[in-house]
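Below is one structure, written out as structure tokens; the observations come after it.
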Amino acid sequence: MKLVFIGPPGVGKGTYANAVREKYGIPHISTGDIFREEVKKGSELGLKVKEYLDKGLLVPDDLVIEVVKKRLQEEDCRKGFILDGFPRTVVQAVALEKFAPPDLVINFVAKPEVIIERVSGRRVCSVCGAIYHVKYMPPKVPGVCDKCGGPLIQRRDDKPEVVRERLKIFEEQFTPIIRFYSEKGRLVTIEANEQADVVIPRILEILKKYF
Ligand SMILES: [Zn+2]
């Protein structure tokens, strides 16, 4: 069960990947996480990746491909995997076809206003990092963390104007990749306008049909 999850920031991919991981016992592989792991291990790849990250530059395709390829060869990927954040370019998608062609690519879509509401309502405790949502998971006292009493803040990335900009960038970047998999007949689009408890059964239903 080789899966790729595609979706804009705030669509809930992490939550959905977690649900699929629990149900099928396949790892959720996010390129951000592998980069951090490799950097922490101080591996040769990690050092190369770190050079780019430190400069705030995008990690070049060949390096990203190498890192992902190595990760997919690990034992826990034998039954499959959920890739999240890769491929990010058509060059990466073409490379993935050679070493681990995905069986199914799930394209999560949600209305921009839904994503903006979801993301811009997020509040984070500035002391312990606990996450809240003004509407869906409000703290008992507005602006105050239930767990430690610390003040809640809105992250810069969660501000509506920043979310809107990131959605635009996502669309420009991923339209060619979505087309790539659609032409191969391996793309499924799932609507994610509702809360996770509605979207997750939808995903599991589709996976049941394919696997
Ligand atoms: Zn807290």
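The values are calculated or read from the model by the stated rules, or taken from the named source; none is laboratory data. Just so it is clear, the model here is predicted, and its values are computed rather than measured. Neighbour counts are summed over all protein chains in view; Cβ atoms, including those assigned to glycine, are modelled from backbone coordinates with ideal geometry. Surface areas here come from the heavy atoms of the whole protein model, side chains and all, with no ligands, DNA or RNA. Shrake-Rupley method; radii C 1.70, N 1.55, O 1.52, S 1.80 Å.
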*Hits in segment 140-162 (condition: assigned to a loop (DSSP other than H, G, I, E, B), near the ligand (Cβ under 9 Å from one of its atoms) and not hydrophobic (A, V, I, L, M, F, W, C))*: 146, 147, 149, 150
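Counting just the residues of segment 119-139 that are more than 12 Å from the ligand (Cβ to nearest atom) and in a loop (DSSP other than H, G, I, E, B), which one comes out farthest from residue 166 (Cα to Cα)?
Ranking the qualifying residues of segment 119-139, first place goes to 138.
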*Write out, first by first residue and then by second, each pair whose Cβ atoms fall under 6 Å of each other, whose residues are 6+ apart or on separate chains, and whose first residue, in segment 125-141, is open to solvent by 90 Å² or more (accessible area, probe 1.4 Å) while the second is near the ligand (Cβ under 8 Å from one of its atoms).*
127/148; 127/150; 140/146
*Could you grab me the full set of residues in segment 160-179 that are surrounded by fewer than 18 Cβ atoms within 10 Å (Cβ to Cβ) and in contact with a helix residue (DSSP H, G or I) (Cβ under 7 Å, 6 or more places away or on another chain)?*
160, 162, 164, 176
*Verdict on residue 54 being at pLDDT below 95, under 15 Å from the mean Cα position of the chain (by Cα) and farther than 26 Å from residue 182 by Cβ*: no
*Name the residue, out of 113, 22, that is under 25 Å from residue 189 (Cα atoms), without any contact (Cβ under 8 Å) to a residue 24 or more places away in the chain and more than 17 Å from the chain's Cα centre (by Cα).*
113
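Yes/no matrix, rows are residues, columns are (1) more than 27 Å from residue 23 (Cα to Cα); (2) more than 19 Å from the chain's Cα centre (by Cα); (3) in a helix (DSSP H, G or I):
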{"residue": "102", "(1), (2), (3)": "no, no, no"}
{"residue": "108", "(1), (2), (3)": "no, no, no"}
{"residue": "171", "(1), (2), (3)": "yes, no, yes"}
{"residue": "200", "(1), (2), (3)": "no, no, yes"}
_Residue that is surrounded by the fewest Cβ atoms within 10 Å (Cβ to Cβ), among those in segment 189-207 that are under 19 Å from residue 10 (Cα atoms) and among the β-branched types (Val, Ile, Thr)_ = 198
_Can you find, within segment 175-198, the residue that is modelled with the lowest pLDDT among those that are in a helix (DSSP H, G or I) and aliphatic (A, V, I, L, M)?_
196
*Sole exception among (1) open to solvent by 90 Å² or more (accessible area, probe 1.4 Å); (2) touching a helix residue (DSSP H, G or I) at 6+ places or on another chain (Cβ under 6 Å) for residue 85, by number*: (1)
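Could you grab me the full set of residues in segment 150-169 that are within 16 Å of the chain's Cα centre (by Cα) and β-branched (Val, Ile, Thr)?
163, 169
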*In the list 85, 80, which residue meets the criterion of being over 15 Å from residue 177 (Cα atoms) and more than 16 Å from the ligand (Cβ to nearest atom)?*
80
*Taking residue 120 as meeting all but one of (1) under 30 Å from residue 148 (Cα atoms); (2) under 19 Å from the mean Cα position of the chain (by Cα); (3) surrounded by fewer than 18 Cβ atoms within 10 Å (Cβ to Cβ), write down the number of the exception.*
(3)
